[in-house]
Amino acid sequence: MAVKYVLKLYVTGVTSRSQAALKNIEKILSEAYKGAYSLRVIDVMKHPKLAEDDKILATPTLIKILPPPVARIIGDLMDKEKVLLGLDLVVVRGGAALGKLGKINEEISQ
Amino acid sequence: MKKLANKAGQYEIDLQALKESEARFRSIVLWSPDAIIVTDAKGKIEYMNPAAERVFNRKMESFVGKDFGLPLVDGKSTEVDIFRPGKDPGVGDMYVVEAEWLNKKARIITIHDITERRKLEKAQSQLAAIVESTDDAVIGKDLEGTIVSWNSGAEVVYGYNAKEVIGKSISLLMPPVHPDEYKEFLTKKSSGELIKNYETQRRRKDGQIIDVSLTISPFKDTSGKITGGSIIARDITEKKKLEKVVVKARDAAEAANKELEAFSYSVSHDLRAPLRSLDGFSQVLFEDYANQLDEQGKDYLQRIRKASQHMAELIDALLMLSRMGRKEMHYETVDLNTLAQATLAELRQTQPKRQIEFVIEEGLAVQGDSQLLRVVMENLLNNAWKYTGKQPEARIGVGALRQGDGKRTYFVCDNGAGFDMAFADKLFKAFQRLHTPNEFPGIGIGLATVQRIIHRHGGRVWAEGEVEKGATFYFTLGG
């Protein structure tokens, strides 16, 4: 299967937050796009230049590069639905396509 | 007209109020200790407050218009790692609210820097882990002696679990016989004094009295006021038991030694009496009945006498050796030079005609038992004197070698008969001799005595020699 989804995950060393983020996102991606995604994990401690170029302020920051448009989310990567919506990736649940950022915003403000 | 003017005045007042209100809110944002980032609905950064520049160690200008991303917060807030180039990463608590910013939908992201708090928590949890992992009881108490903390070591040592004792008085652990001692502790503790390795007794939950070693230190608040204390208790019951066994064994050994001493004296006395008879009657027989004995008979009698005298000497030597091993040690400063001079002066008197060159180093002050060290010097110099007896130009030296670590090795050397290094290990054994009594008189007890004394000083003795080229005896004195 061709790689259709390309993502970068910025983490900081081996903090509990970094480890949890990595574990969560791998689970989410493998469930949603098994074999069709590529995830590059970047430690800001080892690659500060890359982090500066991408204007990283805090981690975990997840950036979706493909498919366009580029989208990024920051913070908690526990909730599969929120993560996929936040990345502007449509997730199909019960046959209905869920909305995009606006939907997330509603959830956050709740 | 008047109405209009009133209205204008009203606007002015409203504008003024608005300005004041704005200024207040600007101050809040400018002076907030938390990083505040405002993004548009798509996550583009519109504003960062000064605290954000501090928290992220970067300038606002380079971030305005850049993508911060969509903050995902599970519940009220979520923790993020703060990336700040050139500094250690931090930890922040991130809060997000939906709001309006310049009449557009926006997100206000607040990041509360909890790096220091996390560090403190980490240090505290490490300390807590140490406290939990030790086998010692670590107990916290307040000024009234109420137990406020209780680790797992305390559960093992005292048999109570934390629930049973927290909130109770520490006197719970006191054995009935020590009420005053605790009061003493309280006074000491309130004076801020540290009590270290104080050995006492405590009572376990099961009533068993245990031996403990206590270290008690005061807790102080930031102003230095004592608010309580920590008690570290080590169960030394087993150690105490072992100590008792050791003391018992030592007492037994001492008793055995004393018995042996008594035995030695009685043996020497009892053996000597018949020896005296042997010697005495042999002499009487020789003197009174000489005419009835032929030459061979007389020779036999002389041999009997010699043998009995030799046996008396052996008994004396054995007694001497055992005395050297038992004598009580009195440490003082002893000058080996003085001891050597005195010994050699005595030796000279015994054989005034002998030509011997002495070289005795100055400043050989040592710490040791003067009587025992005198015996050492006498034995070593007697040997040197004896084994240089056939040397026309005899030389005897006494001195010290300084080792690298500042310790000294003392020596007595001579240019006498020497010995074969192959037999060096026999030198210090009692009654083992490398020469026959005809060559050099002696019974072979001197060096065994020397060795025993040196060992009692915690030192070592050894010898180097070569046949007909002399011998050197080295010794150290421990410490």
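The values are calculated or read from the model by the stated rules, or taken from the named source; none is laboratory data. The structure presented is a predicted model; accordingly, all values stated were derived computationally and were not measured. Positions of Cβ are generated from backbone atoms using ideal geometry, with glycine treated the same way; all protein chains shown enter the neighbour counts.
This table checks each residue for (1) in contact with a Leu (Cβ under 7 Å, 6 or more places away or on another chain); (2) exposed (fewer than 15 other Cβ atoms within 10 Å of the Cβ); (3) at pLDDT 85 or above.
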residue	(1), (2), (3)
B:Gln10	no, yes, no
B:Ile13	no, yes, no
B:Pro33	no, yes, yes
B:Asn49	yes, no, yes
B:Ala52	no, no, yes
B:Phe56	yes, no, yes
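One residue alone among B:Val64, B:Val38 is more than 9 Å from chain A (Cβ to nearest Cβ) and at pLDDT 90 or above, and that residue is B:Val38.
Within the range B:217-226, one or more residues are crowded, with 16+ Cβ neighbours inside 10 Å, at pLDDT 85 or above and assigned to a strand (DSSP E or B). Each residue in the range B:375-397 was checked for being β-branched (Val, Ile, Thr), touching a strand residue (DSSP E or B) at 6+ places or on another chain (Cβ under 7 Å) and more than 16 Å from B:Leu434 (Cα to Cα), and 1 of them qualify. Evaluate the range B:344-351: report whether one residue or more is assigned to a strand (DSSP E or B) and either without any contact (Cβ under 8 Å) to a residue 40 or more places away in the chain or exposed (fewer than 15 other Cβ atoms within 10 Å of the Cβ) (or both). For the range B:344-351, residues assigned to a strand (DSSP E or B) and either without any contact (Cβ under 8 Å) to a residue 40 or more places away in the chain or exposed (fewer than 15 other Cβ atoms within 10 Å of the Cβ) (or both): absent.
Residues that are among the basic types (Lys, Arg) and more than 46 Å from the chain's Cα centre (by Cα) were ranked within the range B:85-108; the one that is farthest from the other protein chains (Cβ to nearest Cβ) is B:Lys104. Of the residues making up the range B:303-314, just one is more than 27 Å from B:Ala448 (Cα to Cα) and either surrounded by fewer than 13 Cβ atoms within 10 Å (Cβ to Cβ) or touching a strand residue (DSSP E or B) at 6+ places or on another chain (Cβ under 6 Å) (or both), namely B:Arg303. In the set (1) assigned to a helix (DSSP H, G or I); (2) among the small types (Gly, Ala, Ser); (3) surrounded by fewer than 20 Cβ atoms within 10 Å (Cβ to Cβ), B:Gly444 fails one condition alone, (1).
Quick one: is B:Glu287 over 30 Å from B:Pro176 (Cβ atoms), under 45 Å from the mean Cα position of the chain (by Cα) and surrounded by fewer than 11 Cβ atoms within 10 Å (Cβ to Cβ)?
no
Considering only residues in the range A:65-90 that are in contact with a Pro (Cβ under 7 Å, 6 or more places away or on another chain) and not small (Gly, Ala, Ser), the one that is farthest from the other protein chains (Cβ to nearest Cβ) turns out to be A:Asp88. Residues in the range B:44-61 that are touching a residue at least 24 places away in the same chain (Cβ under 8 Å) and more than 7 Å from chain A (Cβ to nearest Cβ): B:Lys44, B:Glu46, B:Tyr47, B:Ala52, B:Val55, B:Asn57, B:Arg58. Any chance the range B:171-184 includes a residue that's of a type in the set (Val, Ile, Thr) and modelled with pLDDT of 90 or more? No - not one qualifying residue is present in the range B:171-184.
B:Gly92 - would you say it is surrounded by 13 or more Cβ atoms within 10 Å (Cβ to Cβ) and at pLDDT 90 or above?
yes
Could you please find all residues in the range B:231-279 being β-branched (Val, Ile, Thr) and assigned to a helix (DSSP H, G or I)?
B:Thr237, B:Val245, B:Val246, B:Val247, B:Val267
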